Ligand code: PMP
């Protein structure tokens, strides 16, 4: 493959955009080389500016669960655009998508739409603080909840990929209110709570972690958190930006049968347009302005194009009773295939997966938290990434990311991917 046109476009971009990208993980900094510039995408495939085709396992970092340029979403957006792109007034469409989301997700009465996952998590924390009248929050090392100040403390995803899990620009004052705990370590959480009696407003967690690669919650961990939260007057916030409308219609809450107090959404809920949302029961949501004192707003929140895309996406997921089983079956098939070829090549690895989230860690020990995720062999990952790219398979350019399986992937695509991995594994 040649990447000539992408390289040229990247050089032009670097002159006017920091690092040539509008979000750090898009740059190939962690793996070396030049990011591919995508021209178009359809179904399971990306097409770059040099005319190369790739099977896509990033899928816009999660949203495209039904594949790229999914017809009902494209039609909904184009038709809607003809009616005007933003009014700054309520629209009937907002109520339609809100009602559908509330009907799909367990344990929520109301939902508010914002423009990104970051905004959703940031607003959820403010709401939790307003509700509990407490200041501190607990987050887990390696979890990523967007780039708002309170969360850039041992954050995962791009923050850890670039070695800055604690960012300059986050004040000491903000950082002191974010307490850290280890994923899958309930004792650790208990200790933190005991050391800060009546001070913790919320525990925020990715119920299935996806930003240190995929890490499933161990048995009883989330149940334990739920019990601890209830006993200590702490709100449990599930950041379902990745897992929402992906692991089940009702997200991780439904799949794992645990009720959170506030749930954050992003990615799939916007069908590929910039959308986030947060939701809870009435007693919590009614504290939001204009009903209550907790302020939160947005000029483009509930934007008609974004809502049209999101509604078309949620309707498609709601109407297809077999979709989540289908996705899980494809993921299991891929995991089995990768397992076979990497074993045969005598590579040290661990595959973690839940539903349609999967990741390959280059370490043979179980990967259960940030520390064990960080043990992965990054040099092997770099070769793996570039080898797959050359074979026409596009995975995230960082070992700390999850691959997303979409309904557009066929078993031929999965076989192609497994064969590519078999070939690449020879050179690892
Ligand atoms: N929470 C989680 C779990 C995420 O994965 C992400 C983004 N990858 C975010 C929050 C932030 O969302 P956004 O990038 O839309 O601000």
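The values are calculated or read from the model by the stated rules, or taken from the named source; none is laboratory data. What you see is a predicted model, and the numbers here were worked out from it, not measured in a lab. Using ideal geometry, Cβ is built from the backbone for each residue, glycine included, and neighbour counts are taken over all protein chains shown.
Going through segment 1-55 one residue at a time, which ones are assigned to a helix (DSSP H, G or I), within 16 Å of the ligand (Cβ to nearest atom) and loosely packed, with under 14 Cβ neighbours inside 10 Å?
None; the set is empty.
Just checking, does segment 81-91 include any residue being in the same structural domain as residue 306 (by TED's automatic domain parsing), closer than 30 Å to residue 213 by Cα and not in a strand (DSSP E or B)?
Within segment 81-91, none of the residues are in the same structural domain as residue 306 (by TED's automatic domain parsing), closer than 30 Å to residue 213 by Cα and not in a strand (DSSP E or B).
So which of 155, 92, 101 ends up being without any contact (Cβ under 8 Å) to a residue 60 or more places away in the chain, in contact with a strand residue (DSSP E or B) (Cβ under 9 Å, 6 or more places away or on another chain) and more than 22 Å from residue 293 (Cβ to Cβ)?
155
Provide a single number: the residues in segment 361-384 that are in contact with a helix residue (DSSP H, G or I) (Cβ under 9 Å, 6 or more places away or on another chain) and assigned to a helix (DSSP H, G or I).
Going through segment 361-384 one residue at a time, the tally reaches 4.
Can you list the helices (runs of 4 or more DSSP H) lying wholly within segment 124-214 that have 2 or more residues being out of contact with any helix residue (DSSP H, G or I) (no Cβ under 6 Å at 6 or more places or on another chain), over 28 Å from residue 362 (Cα atoms) and away from the ligand (no atom under 14 Å from the Cβ)?
172-175, 186-195
Quickly run through segment 329-357 and pick out the residues that are outside any helix (DSSP H, G or I), without any contact (Cβ under 8 Å) to a residue 24 or more places away in the chain and buried (at least 16 other Cβ atoms within 10 Å of the Cβ).
Passing the criteria: 349, 350, 351.
Of all residues in segment 106-123, which are closer than 13 Å to residue 239 by Cα and either more than 16 Å from the ligand (Cβ to nearest atom) or without any contact (Cβ under 8 Å) to a residue 60 or more places away in the chain (or both)?
Scanning segment 106-123 gives a single hit, 122.
Tell me, yes or no, whether segment 362-384 has at least one residue that is farther than 22 Å from residue 219 by Cα, touching a residue at least 60 places away in the same chain (Cβ under 8 Å) and surrounded by 21 or more Cβ atoms within 10 Å (Cβ to Cβ).
yes
Residue check: is residue 358 in contact with a helix residue (DSSP H, G or I) (Cβ under 7 Å, 6 or more places away or on another chain) and within 28 Å of residue 142 (Cα to Cα)?
yes
Select from segment 281-296 the residues that are closer than 27 Å to residue 76 by Cβ and away from the ligand (no atom under 16 Å from the Cβ) and list them in ascending order.
Matches in segment 281-296: 285 only.
Can you tell me which residue within segment 249-279, out of those that are more than 11 Å from the ligand (Cβ to nearest atom) and on the phi > 0 side of the Ramachandran plot, is surrounded by the most Cβ atoms within 10 Å (Cβ to Cβ)?
This residue is 271.
Quick one: count up the residues across segment 301-316 that are more than 14 Å from residue 76 (Cβ to Cβ) and crowded, with 21+ Cβ neighbours inside 10 Å. It would help to see each step written out before you state the result.
First pass over segment 301-316, keeping only residues more than 14 Å from residue 76 (Cβ to Cβ): 301-302.
With the extra rule that they be crowded, with 21+ Cβ neighbours inside 10 Å, the set shrinks to 302.
Final tally of qualifying residues: 1.
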